[in-house]
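Rule-based calculations on the coordinates, nothing more; no lab input. Predicted model only: the values in this text are computed from it and were never measured. A quick note on method: Cβ atoms are made from the backbone with ideal geometry, for glycine too, and the neighbour counts reach across all protein chains shown.
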Amino acid sequence: MTKSEPDYSLYTDDELLDVMAHIDRYSYPDRYNRVKKEIENRKNGVSSKVNKRHSKLPIRKGKKSARWGVLVVWSMSILLAIYYGEMPGRAGTVIYEEDPGFFVIYLIAFICVGIYFYNKRDDT
């Protein structure tokens, strides 16, 4: 490979497929074969430079203090909803005295969604 020829190991999968779709295989048979080989290697699990390059990027985590702030506000909203017996909703306020069963289900759903997002997210 000369300096003027592209290094297909640095291409993303989408870029390789685009090259395969648009390359003139009769004018550039060597390039065509290299692209084809790179695609086959990736399908077989052979790592490429692009995968190694992206794996070195650091994973950004959210600030722990922000997560604790969200946890405090979320917990307070649950406690206030239980104390006052009201929770705001899309169709209006859900009131415990009017429909206790729906209020409890709504509260449990709110708690479950909060726990899910708190545990599954890296940032807030």
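Structure notes:
- P(r) tail fraction, the range 64-120 - alpha-carbon pairs more than 17 Å apart, %: 39
- The local environment of THR93, defined by Cβ-Cβ distances under 15 Å, has a net charge of -3 under the rule Lys, Arg +1 and Asp, Glu -1.
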